[in-house]
Amino acid sequence: MNKLLQILETEPTPTNALDETTAAISNFCGEEPFPQWKEVLPALPALYVVTSSRCSEIALGNALWALAYIIDASILLRFPFSIKIK
């Protein structure tokens, strides 16, 4: 994760590098089982910067997916429940 975050800290980050880096972070956050919190938490500031900047739609979408995976995991890990589908 640290290597990916270093890419995002490069000023300016080329669009294709930003797209690919946010995709990798999103894939990492969406793994099952969910990665350890200590591995994911450093990505939050970078994801905030991506979502609040004028970046490509691809990078924005990847960052939002990563945040969605983090939110889903936090709900499932803190409040375990099962869903029954009829």
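The values are calculated or read from the model by the stated rules, or taken from the named source; none is laboratory data. Just so it is clear, the structure is predicted and the values come from calculations on it, not from any experiment. Every residue, glycine as well, gets a Cβ built from its backbone with ideal geometry; the counts of neighbours run over all protein chains shown.
Quick check on region 15-23. Is at least one of its residues of a type outside the set (Asp, Glu), within 16 Å of ILE71 (Cα to Cα) and not in a loop (DSSP other than H, G, I, E, B)? No, every residue in region 15-23 fails to be of a type outside the set (Asp, Glu), within 16 Å of ILE71 (Cα to Cα) and not in a loop (DSSP other than H, G, I, E, B). Among all positions in region 45-55, there is at least one residue which is surrounded by fewer than 16 Cβ atoms within 10 Å (Cβ to Cβ) and touching a residue at least 40 places away in the same chain (Cβ under 8 Å). Check region 37-51 and report whether any residue there is modelled with pLDDT under 90 and outside any helix (DSSP H, G or I). Yes, region 37-51 contains a residue that is modelled with pLDDT under 90 and outside any helix (DSSP H, G or I).
Within 20 Å of ASP72 (Cβ to Cβ) and loosely packed, with under 11 Cβ neighbours inside 10 Å: which single residue out of PRO33, PRO42, PRO12 fits that description? Step by step, each of PRO33, PRO42, PRO12 is checked, and only PRO33 is within 20 Å of ASP72 (Cβ to Cβ) and loosely packed, with under 11 Cβ neighbours inside 10 Å.
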